[in-house]
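What follows is a single structure, written as structure tokens, with notes after it.
Coordinate-derived values only; no laboratory data. Not measured: the values here are computed from a predicted model. No Cβ is skipped: glycine too gets one built from the backbone with ideal geometry, and neighbour counts run over all protein chains shown.
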Amino acid sequence: MDTYLVGGAVRDGLLGHFHTAHRLPDGTSHADRDWVVVGATPEAMVARGFLPVGRDFPVFLHPQTREEYALARTERKTARGYHGFVFSAHPDVTLEEDLARRDLTINAMALPADALDGQGCFDPQSPALIDPYGGRRDLAAKVLRHVTDAFVEDPVRILRMARFAARWPDFSVAPDTLSLMREMVDHGEVDHLVPERVWQELSRGLMEARPSRMLDMLRDCGALRVLLPEVDRLWGVPQRAEYHPEIDTGIHLGMVLDMAARLQAPLAVRYACLCHDLGKGTTPAHVLPRHLGHEGRSAQLAHHVGERWRVPRDCRELADVVAREHGHIHQSLGLGAEAVLRLLERCDALRRPVRFRDVLQACEADARGRLGHAEDAYPQAQRLTSALEAALGVDTAPIAAAVQRQGHAPPQVGPAIAQAVAQARTRAIAHALARPAG
């Protein structure tokens, strides 16, 4: 029984990233390690204290480290989609056969367990590296290349490829690999992806260094129009006349996502950025390029995307607010106290001030995701934050008590209290807005 470190841990070790702190949306990190065991049976693993966890094929947790150890396996395509495989984990399966089923050459390298030191690191020049498919060469050349033509059998690999492109913006995709991806789309493989896997890969891609490359890659192979037709329609749609005419709405979306990454925005903010302008892809021709009414259409389309891919509730709710209100937030510097309060109420900022901070960050990414504006300040955020703090600082209890002492009939008490509270908050906001900035 021989044990090997495989996959991303070997790749990242060669890149010099042994202990990265970057966490992915599902709680994993680039430093998580996967192991392959050759020449073993499930019974032998259990006898050594490993805990079986795999449902589709034999995977075990180490009794101390809780890292995953999988038996070397081969796979055979039997049906469309992610689940259409039959696996074999016979003790005779070799390491090279196991590596052959992996997606990219840079992920198809292995190291014997005894080649690692006590901290789990290894010498990048170690002669013990097992690299039957040229992964080290492609890593040095910064090329994303499929291992074998078996790449076409798993449509999730299209999403993984797009995610890796977003993680390493300076890596190129081998032409033959891009051709295989287009072939997979043409043959309908992408149509059979399950929502959970699509969202898992999309969310990871949104959290990478340059999310725009994920969209570019999916668009290049044709998968974007299948998975996210609402996003795909944005390319070729002109921006408003006062913006750079050569930057259409699709390109602008990529710039917004990259700005959100630069701002180190959380996943919900980046998803809101993805969805905030979807309605522009359905703008009637006679109102282009003004995009009148696109906010409501964007919110509706964002709802459809969230339902289709079972997006988490916090992401969907933030996307809805940003889609509906980002234009008003951009224009909020000219709003008076009453209008600002109404805007805060529409955003549910008084009940959810922490979420409102995320709303403002998404709007900042939108404003700065334009040519020549990347270094701009976004004073709307500071102004609205000050207004919200002022509104939240109003003590509503004595206001409610004073209204109740006025002797209103029971049906009128609630509206009277709400009106009095709104007036007090408006005065507080007006006072806050009158103070000099800073």
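Each residue in Glu43, Glu97, Glu230 was given a count of other beta-carbon atoms within 10 angstrom of its own, and listing them fewest first yields Glu43, Glu97, Glu230. Of the trypsin sites (Lys or Arg not before Pro) found in region 380-438, those in coil by DSSP whose Cβ has at most 15 other Cβ atoms within 10 Å are Arg405. For region 89-104, the Karplus equation 6.51 cos²θ - 1.76 cosθ + 1.60, evaluated at θ = phi - 60°, returns couplings of 10, 5, x, 7, 5, 8, 4, 4, 5, 5, 5, 5, 7, 7, 6, 10 Hz by residue, with Gly and Pro reported as x. Using the Cα centre of region 346-420 as origin and beta-carbon charges of +1 (Lys, Arg) and -1 (Asp, Glu), tell me which of Gln361, Ala420, Pro410 is placed farthest towards the positive end of the dipole. Projecting each Cα onto the dipole axis, the largest value belongs to Pro410.
About the centre of its Cα atoms, the chain shows a dipole size close to 1700 debye [charges on the beta carbon of Lys, Arg (+1) and Asp, Glu (-1) only; nearest 20 debye]. By the beta-carbon count within 10 Å of each Cβ, the least crowded to most crowded order of Met109, Met207, fewest first, is Met207, Met109. Against the set [x] 21.5; [y] 24.8; [z] 26.0, the structure's computed Kirkwood radius over Cα pairs in Å falls on [y]. As I understand it, the dipole of the chain uses +1 on the Cβ of Lys and Arg and -1 on the Cβ of Asp and Glu, about the Cα centre. Which of Ala268, Pro63, Thr148 lies farthest toward its positive end? Of Ala268, Pro63, Thr148, it is Ala268. Candidates His326, Ala100, Gly236 compared by Cα position along the dipole of the chain: farthest toward the positive end lies His326, with charges placed on Cβ.
The value of relative contact order for the chain, using C-alpha pairs under 8 Å at least six residues apart, is 10 percent. Helices in the chain, meaning DSSP H runs of at least 4 residues, each add -39500 (n - 2.57). Divided by all residues, the mean residue ellipticity at 222 nm is -14500 deg cm²/dmol. Taking the longest Cα principal axis of the chain as reference, the axis of helix 249-262 is set at about 80 degrees.
Proximity of backbone amide H atoms, modeled 1.01 Å from N, is registered between Leu144 and Ser172, Val173, Ala174 at under 5 Å, excluding neighbours fewer than 5 places apart on the same chain. Shape call for region 391-438 from the C-alpha gyration tensor, a ≥ b ≥ c root eigenvalues: rounded (a/c under 1.5), prolate (a/b greater than b/c) or oblate? Since a/c reaches 1.5 and a/b is larger than b/c, the shape of region 391-438 is classed as prolate.
Taking only C-alpha pairs under 8 Å that are 6+ residues apart, what is the relative contact order of region 391-438 in percent? Relative contact order here is 49 percent.
Ordered by the count of other Cβ atoms within 10 Å of each Cβ, fewest first, Val152, Val322 give Val152, Val322. At an R0 of 41 angstrom, the distance between the Cβ atoms of Arg137 and Leu350 translates into a FRET efficiency of 0.10.
For region 353-438, state which GluC sites (Glu not before Pro) are in a DSSP loop and have at most 14 other beta carbons lying within 10 Å of their beta carbon.
Taking region 353-438 and a limit of 14 other Cβ atoms within 10 Å, the loop GluC sites (Glu not before Pro) found are Glu375.
Under 5 Å from the amide H of Ala70 lie the amide H atoms of Trp35, Val36, Val37, Phe60, each residue being 5 or more positions distant or on a separate chain, with H modelled from the backbone and absent for Pro and chain starts.
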